[in-house]
Amino acid sequence: MDWDNLRYFLELARAGTLVGAARRLAVDHTTVARRLQALEKQVGSALFAREAGGHRLTEAGRALLPQVEAMETAFLAVESAAPGVRQGLHGLVRIGTTEGFGNLILAPQLARFALDHPGLVVDLLALPRLVHLSRREADIVISLERPARGAVVVVKLTDYVLQLYGARSYLQRHPPIHAPDDLRGHTFISYVDDLLFSKELQILDELHRPEHFALRSTSILAQYEAARVGAGLAVLPAFVAAQDTSLVPVLPGVARFQRTFWMSMPGDNKHVARMQATWAFLREAVAAQQGLLLPAPVAT
């Protein structure tokens, strides 16, 4: 039985779509389909059910999957131990996380990680939505909510602080704010309620229900840009806004909030060398950024 066919089967099982598997394997999706057809002919059974949303393992496919995963583990062990084989990490790792955290905290760190491992390809999905581990949209997901179920490995990655901010230009044009009641009548910037991807971001309700919004956006970076030009007040992560001298914390003793990032990956990834290395690197890199993520409270 052709190991390459089995490898294509494994990546399709993980990605769930021909296009996703093709991207992981750096081939055309027709190649994945052709390899799958060859394998199904060899085993004499359909391994996937074709559905509108992608490919779902059949009973035969589910029975074959752990055997192929064991073969992959053995192959990787031989590859890393045998004399004369290539050294270092190789292959694709896809990381999904929130937009601001991905762009501002992870991107510079992962770029350096990729430079240290030229055989590795890192995909960073920094999106203003949930990246679904269950759909195999990514190999490692960093999210605001801890996965509730599934065969996944989960760790608390870090806490981080959010704060209500206003531009100096905005605050100079509006009445002073000394207490939460003073927020009445002020203009705000926030998320689009019906497109909010996590209940952990429903922060304004804990402080004040705004009467007027200047801008609502699915993008935290768009909210930051609107706040810094003085369009209104916004709750922003400190790692986004704290170093911008045009922004000032508003009600620093009251309007300060803490949330948590959780990191997870499928249990079957924990034995893959590139996943192990990336997982460990992310924990170390984020631990080194605690000054940005959890800054000391501003003195009032």
Exercise for the section: Mind listing whichever residues of the stretch 262-287 are open to solvent by 80 Å² or more (accessible area, probe 1.4 Å), closer than 16 Å to residue 155 by Cβ and in contact (Cβ under 8 Å) with a residue 40 or more places away in the chain? Expected result: 270, 283
Exercise for the section: Filter the stretch 131-161 down to residues that are hydrophobic (A, V, I, L, M, F, W, C), part of a loop (DSSP other than H, G, I, E, B) and closer than 25 Å to residue 10 by Cβ, then give me how many there are. Expected result: 4
Exercise for the section: For the stretch 163-172, enumerate the residues that are part of a strand (DSSP E or B) and crowded, with 22+ Cβ neighbours inside 10 Å. Expected result: 163, 164, 165, 166
Practice task
Could you give me the residue pairs with C-beta distances under 8 Å whose first residue belongs to the stretch 235-261 and is of a type in the set (Asp, Glu), whose second residue is open to solvent by 40 Å² or more (accessible area, probe 1.4 Å) wherever it lies, and which are 6+ apart or on separate chains?
Solution key: 244/228
Exercise for the section: Could you please let me know if residue 138 is surrounded by 20 or more Cβ atoms within 10 Å (Cβ to Cβ) and at pLDDT below 95? Expected result: yes
Fill in the blank from the handout: When residue 159 is run through (1) out of contact with any Phe, Trp or Tyr (no Cβ under 9 Å at 6 or more places or on another chain); (2) at pLDDT 90 or above; (3) open to solvent by 20 Å² or more (accessible area, probe 1.4 Å), the failure sits at (1)
Exercise for the section: Look at residue 206 and say whether it is acidic (Asp, Glu), outside any loop (DSSP other than H, G, I, E, B) and either over 19 Å from the mean Cα position of the chain (by Cα) or modelled with pLDDT of 95 or more (or both). Expected result: yes
Completion exercise
Residue set 106, 124, 133, 196; condition among the hydrophobic types (A, V, I, L, M, F, W, C), at negative phi, open to solvent by less than 50 Å² (accessible area, probe 1.4 Å) and in contact with a Leu (Cβ under 8 Å, 6 or more places away or on another chain); output residue 106
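The values are calculated or read from the model by the stated rules, or taken from the named source; none is laboratory data. Worth saying up front: this structure is predicted, and the values here are computed from it rather than measured. Please note: Cβ atoms are built from the backbone with ideal geometry, for glycine as well, and neighbour counts cover all protein chains shown. For the accessible areas, the whole protein counts, side chains as well, though only heavy atoms, and no ligand, DNA or RNA atoms are used. Shrake-Rupley method; radii C 1.70, N 1.55, O 1.52, S 1.80 Å.
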